[in-house]
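Here is the structure we will look at, set down as structure tokens.
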Amino acid sequence: MSRSIANELRSRDFEEEERPAFASGITFAILSLVALVSMLVPVPSSFAAVVGVIGFSQIFFFVQYWMKINWYKRVLQNDEEGIDQSNE
């Protein structure tokens, strides 16, 4: 997704980050994998707090990723509207 956004921004002559939204997306994916493994593999009850923190962190990074992707979507849509209006 980040490569696609970067390519689209580059094609429209926008300044772009090297990999937009990549860090929050990969962090969310890793936390999701850790959470899945912790559900499949029995973990000691002493790690319950750690699993809880991972769950909340997962939600935080998902929301951060979603907001960043949504921001880029709005930027690109606004640019398309500007292009469409200039062609009329």
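The values are calculated or read from the model by the stated rules, or taken from the named source; none is laboratory data. The structure presented is a predicted model; accordingly, all values stated were derived computationally and were not measured. Cβ placement follows ideal geometry from the backbone for every residue including glycine, while neighbour counts extend to all protein chains displayed. Surface accessibility is based on the protein's heavy atoms, side chains included, excluding ligands, DNA and RNA. Shrake-Rupley method; radii C 1.70, N 1.55, O 1.52, S 1.80 Å.
Positive end of the dipole of the chain, charges at C-beta (+1 Lys, Arg; -1 Asp, Glu), about the Cα centre: which of VAL75, SER24, LEU9 has its Cα farthest in that direction? Among VAL75, SER24, LEU9, the one farthest towards the positive end of the dipole of the chain is SER24.
Applying 1/(1 + (r/R0)^6) with R0 = 35 Å to the Cβ-Cβ distance of ARG3 and SER38 gives a FRET efficiency near 0.70.
The simple spin-label model puts a point 7 Å past each Cα toward its Cβ; for ILE26 and ARG74 those points are separated by 2.7 nm. Secondary-structure-derived ellipticity at 222 nm for the chain, considering helices only, amounts to -27500 deg cm²/dmol, per-run term -39500 (n - 2.57) for DSSP H runs with n ≥ 4. Computing P(r) over Cα pairs in 10 Å bins from 0, in percent directly from the structure and comparing it against [x] 17, 56, 23, 3, 0; [y] 16, 34, 22, 15, 9, 3, 1; [z] 17, 47, 28, 8, 0 singles out [y].
Legend: calculated FRET efficiency, GLU17 to PHE56, from the Cβ-Cβ distance at R0 = 25 Å, rounded to 0.05, equals 0.45.
Roughly how many percent of the accessible protein surface of the chain is carbon and sulfur, given a 1.4 Å probe and a whole-percent answer? After summing per-atom areas, the C and S share lands at 62 percent.
Over all other residues within a Cβ to Cβ distance under 15 Å of ILE69, the charged ones net out to +2, with Lys and Arg as +1 and Asp and Glu as -1. Compared with the dominant principal axis of the Cα atoms in the chain, helix 2-11 is inclined by about 10°. Taking every protein chain into account, the accessible area of the chain amounts to 76 square angstrom per residue (probe 1.4 Å).
Backbone phi angles across the range 49-64, fed through the Karplus curve with coefficients 6.51, -1.76 and 1.60 (θ = phi - 60°), yield HN-Hα couplings of 5, 5, 5, x, 5, 4, x, 5, 5, 4, 4, 4, 6, 5, 5, 4 Hz in residue order; Gly and Pro are listed as x.
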